[in-house]
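Trainee: Before anything else, here's the structure in question.
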Amino acid sequence: MNTPLIAPSVLAADFANLQRDVEMLNRSAADWIHVDIMDGVFVPNISFGLPVTAAIKKHAQKPLDVHLMIVQPERYLEAFRDAGAEILTVHYEACPHLHRTIQHIKSLGVKAGVALNPHTPVSVLQDIIQDIDLVLIMSVNPGFGGQKFIERTYERVRQLAALIAESESQAIIEIDGGVNQDNAPLLYHAGARALVAGSFVFSAPDPEATISNLKKLW
Ligand code: DX5
Ligand code: ZN
């Protein structure tokens, strides 16, 4: 049976015990480690940057899925690749030359993702979907963990899945924000294949079991 890829977000980890939490993710059924980079400009919050990403990489045995919530992400692509990113996702809303930025990411030898804020129609990707490895649909407004899932997301996933099928793109759909055990199966059935989960995993009494359960819902 197919299951979604699970990408726990270290934004919700204990930053004073990052090595411990990354080792927990190594032992767990997690597929990727989601790394949220916030610059205080594109989003109202500041998370962490290159040195912390490199420190996570030092202990991680799973691919780093790096979500850049920053303006002018093209300035930092190579640095985040060097810090250990295997997937680099930029925001559509931060990239006036998105095609060039996608080609730049691919030239670095990593997978290229594009994130969409909740208000951005999925149809804006129509002419670039074939070039993208991953589309990240924000199911909350980016900037903070622990927010409420936006219900409209299911319809957006269905629309994007249709666009991907029509264009014979290989892109996979990732969902980020407010993911939990209740919405995860619905998202998977709508067409999502990767789920980011921050607070749901790290605030659980048993994060490892919670990750396994997210994969076993179908
Ligand atoms: C929000 C980030 C998310 C965040 C998700 O801007 O992109 O990755 O960590 O956290 P939860 O799962 O708590 O909504
Ligand atoms: Zn994220």
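The values are calculated or read from the model by the stated rules, or taken from the named source; none is laboratory data. Predicted model, so just to flag it, every value in this text is computed and none were measured. Cβ placement follows ideal geometry from the backbone for every residue including glycine, while neighbour counts extend to all protein chains displayed. The accessibility values were calculated without ligands, DNA or RNA, using every heavy atom of the protein model including side chains. Shrake-Rupley method; radii C 1.70, N 1.55, O 1.52, S 1.80 Å.
Trainee: In this structure, does ILE70 turn out to be within 13 Å of ligand 2 (Cβ to nearest atom), in contact with a Ser or Thr (Cβ under 9 Å, 6 or more places away or on another chain) and of a type in the set (A, V, I, L, M)? Lay out the reasoning, then the answer.
Mentor: Values: within 13 Å of ligand 2 (Cβ to nearest atom): yes; in contact with a Ser or Thr (Cβ under 9 Å, 6 or more places away or on another chain): no; of a type in the set (A, V, I, L, M): yes.
Spelling it out, it is not the case that ILE70 is within 13 Å of ligand 2 (Cβ to nearest atom), in contact with a Ser or Thr (Cβ under 9 Å, 6 or more places away or on another chain) and of a type in the set (A, V, I, L, M).
Trainee: Taking PHE200 as meeting all but one of (1) within 24 Å of VAL10 (Cβ to Cβ); (2) touching a residue at least 24 places away in the same chain (Cβ under 8 Å), write down the number of the exception.
Mentor: (2)
Trainee: Quick check: anything in segment 45-57 open to solvent by 40 Å² or more (accessible area, probe 1.4 Å), over 18 Å from the mean Cα position of the chain (by Cα) and either within 20 Å of SER199 (Cα to Cα) or modelled with pLDDT of 95 or more (or both)?
Mentor: yes
Trainee: Might you check whether a residue that is crowded, with 17+ Cβ neighbours inside 10 Å and either at pLDDT below 95 or closer than 20 Å to HIS99 by Cα (or both) occurs anywhere in segment 185-207?
Mentor: no
Trainee: Under 9 Å between Cβ atoms, which residue pairs at least 6 apart in sequence (or on different chains) link something in segment 183-197 that is without any contact (Cβ under 8 Å) to a residue 60 or more places away in the chain with a partner that is part of a loop (DSSP other than H, G, I, E, B) and of a type in the set (Phe, Trp, Tyr)?
Mentor: Pairs found: ASN183/PHE149; PRO185/TRP218; HIS189/TRP218.
Trainee: Of all residues in segment 165-184 being of a type outside the set (D, E, K, R), on the phi < 0 side of the Ramachandran plot and open to solvent by 20 Å² or more (accessible area, probe 1.4 Å), which is nearest to ligand 1 (Cβ to nearest atom)?
Mentor: Here the residue is ASN180.
Trainee: Moving to a separate point now. Out of (1) acidic (Asp, Glu); (2) closer than 30 Å to ALA79 by Cβ; (3) assigned to a helix (DSSP H, G or I), what's the single condition that is false for ASP127?
Mentor: Of (1) acidic (Asp, Glu); (2) closer than 30 Å to ALA79 by Cβ; (3) assigned to a helix (DSSP H, G or I), only one is false for ASP127: (3).
Trainee: Mind listing whichever residues of segment 112-127 are away from ligand 1 (no atom under 14 Å from the Cβ) and surrounded by fewer than 19 Cβ atoms within 10 Å (Cβ to Cβ)?
Mentor: HIS119, THR120, PRO121, SER123, VAL124, GLN126, ASP127
Trainee: If you don't mind, another one. Inside segment 86-103, can you point out the residues that are more than 14 Å from the chain's Cα centre (by Cα) and either assigned to a strand (DSSP E or B) or of a type in the set (Val, Ile, Thr) (or both)?
Mentor: THR101, ILE102
Trainee: Output the helices (runs of 4 or more DSSP H) that fall wholly within segment 133-218 and possess 1 or more residues being of a type in the set (D, E, K, R) and over 29 Å from ILE46 (Cα atoms), or say none.
Mentor: The helices (runs of 4 or more DSSP H) meeting that bar are 153-167, 207-215.
Trainee: Here's a check for you: in segment 135-155, which residue that is surrounded by 22 or more Cβ atoms within 10 Å (Cβ to Cβ) and free of Cβ contacts under 8 Å to residues at least 40 places away in the same chain is nearest to ILE102 (Cα to Cα)?
Mentor: By that ranking, first place goes to VAL135.
Trainee: In this structure, is VAL71 assigned to a loop (DSSP other than H, G, I, E, B), at pLDDT 95 or above, over 20 Å from ALA12 (Cβ atoms) and among the β-branched types (Val, Ile, Thr)? Give the steps one after another, and end with the answer.
Mentor: Values: assigned to a loop (DSSP other than H, G, I, E, B): yes; at pLDDT 95 or above: yes; over 20 Å from ALA12 (Cβ atoms): yes; among the β-branched types (Val, Ile, Thr): yes.
The answer is yes for VAL71.
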